[in-house]
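Heads up, the thing below is written out as structure tokens.
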Amino acid sequence: VIEQAHILINQPDSYEARAEIMWAGSLSHNGLTEAGGAKDFSNHALEHELSGMFDVAHGAGLAAIWPSWARYTYRDWSERFARFAVNVLNVEDGNPESAALKGIEKMEEFYTSINMPVRISGLGIELTDGQIKELADKCSFGGTRKVGILKVLDTDDMENIYRMAR
């Protein structure tokens, strides 16, 4: 996906690159990428509320929230974040915590390189404290639902992530 996204920035009509992106999406959405491990969609839950409130594209909203979500949750599964950093983003670091942080930084660099936002403000949105509370309340179904597997997020956690992602 990273390789093909860079091709599409320069060649938006590349059939081959579009086909590879679609194939990767198909594999991901049919559950293959979670084979043998847990799949955490809390970032998606957080983004759904953002795109619902502000009508932003789902992918752009995910890119805007992901770095803050990752920094907020990585300590709970730093080895998993480190594996992602090493295996996907080519980070060379034997320490799981520092590898995880380097991976988060490299993912932000990737998003930026394909003109995606890495903060909610990059979507042209300046969240107020009231909007942050409303987003977290909606995501948690009024405080009755928690989301996440890597780190289970309650309403306070959700507010903290939205605040970090401003």
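Rolling a 1.4 angstrom probe over the protein heavy atoms with all chains in place gives the stretch 9-96 an accessible area of 59 Å² per residue.
Ranking ALA70, PHE141, HIS48 by Cα position along the charge dipole of the chain, where only Lys, Arg, Asp and Glu carry charges on their C-beta atoms, puts PHE141 farthest toward the positive end. The accessible area of TRP23, taken with all protein chains in place and a 1.4 Å probe, comes to roughly 150 Å². To the nearest ten degrees, helix 58-73 and the longest principal axis of the Cα atoms of the chain are 70 degrees apart.
Mind running the shape call on the stretch 12-92? Use the C-alpha gyration tensor, a ≥ b ≥ c as the square roots of the eigenvalues: rounded below 1.5 for a/c, prolate if a/b tops b/c, oblate otherwise. Oblate, because a/c is 1.5 or more while a/b does not exceed b/c. Measure nothing but the geometry: give the 0 to 90° angle between the long axis through the Cα atoms of 155-165 and the longest principal axis through the Cα atoms of the chain, rounded to 10°. Once rounded, one gets 50 degrees.
Taking the square roots of 5 times each eigenvalue of the Cα gyration tensor of the stretch 1-49, largest first, gives ellipsoid semi-axes of 25, 15, 8 Å. Here's how it looks for LEU153: its modeled amide H is under 5 Å from those of VAL147, GLY148, which are all 5 or more places away or on a different chain.
Restricting to Cα pairs below 8 Å that are 6+ residues apart, what does the relative contact order work out to for the chain? Please round to a whole percent. Numbers along the way, then the final one.
Numbers: 194 pairs, mean separation 40.9, N = 166.
Worked out over the chain, it gives 25 percent.
Helix 15-29 and the long axis of the chain differ in direction by around 50°, with both axes built from C-alpha atoms. Sorting 114-123, 12-21, 43-52 by their mean Cβ neighbour count within 10 Å, with the most densely packed peptide first, gives 43-52, 114-123, 12-21. With contributions of -39500 (n - 2.57) from each DSSP H run of at least four residues, the per-residue ellipticity at 222 nm computed over the chain stands at -20000 deg cm²/dmol. Every pair of different Cα atoms in the chain enters the Kirkwood calculation, which places the hydrodynamic radius at 16.7 Å.
Among 130-143, 98-111, sorting by the average number of other beta carbon atoms lying within 10 angstrom of each residue, highest first, gives 98-111, 130-143. Taking only protein heavy atoms and a 1.4 Å probe, the accessible area of the chain is 51% carbon and sulfur. Net charge of the neighbourhood of LEU123, taken over other residues with C-beta under 13 Å away and scored Lys/Arg +1, Asp/Glu -1, is -1. Summing Lys and Arg as +1 and Asp and Glu as -1 over all other residues whose Cβ lies under 12 Å from the Cβ of GLY52 gives a net charge of -3.
Please work out the Cα convex hull volume for the stretch 106-166 and give it in Å³ per residue. Can you show the working numbers first?
On the way: hull volume 5.4 nm³, N = 61.
In the stretch 106-166, the Cα convex hull volume per residue is 89 Å³.
The values are calculated or read from the model by the stated rules, or taken from the named source; none is laboratory data. None of these values were measured; they are calculated from a predicted model. Cβ sites come from the backbone with ideal geometry, for glycine too, and all protein chains shown count toward neighbours. Surface accessibility is based on the protein's heavy atoms, side chains included, excluding ligands, DNA and RNA. Shrake-Rupley method; radii C 1.70, N 1.55, O 1.52, S 1.80 Å.
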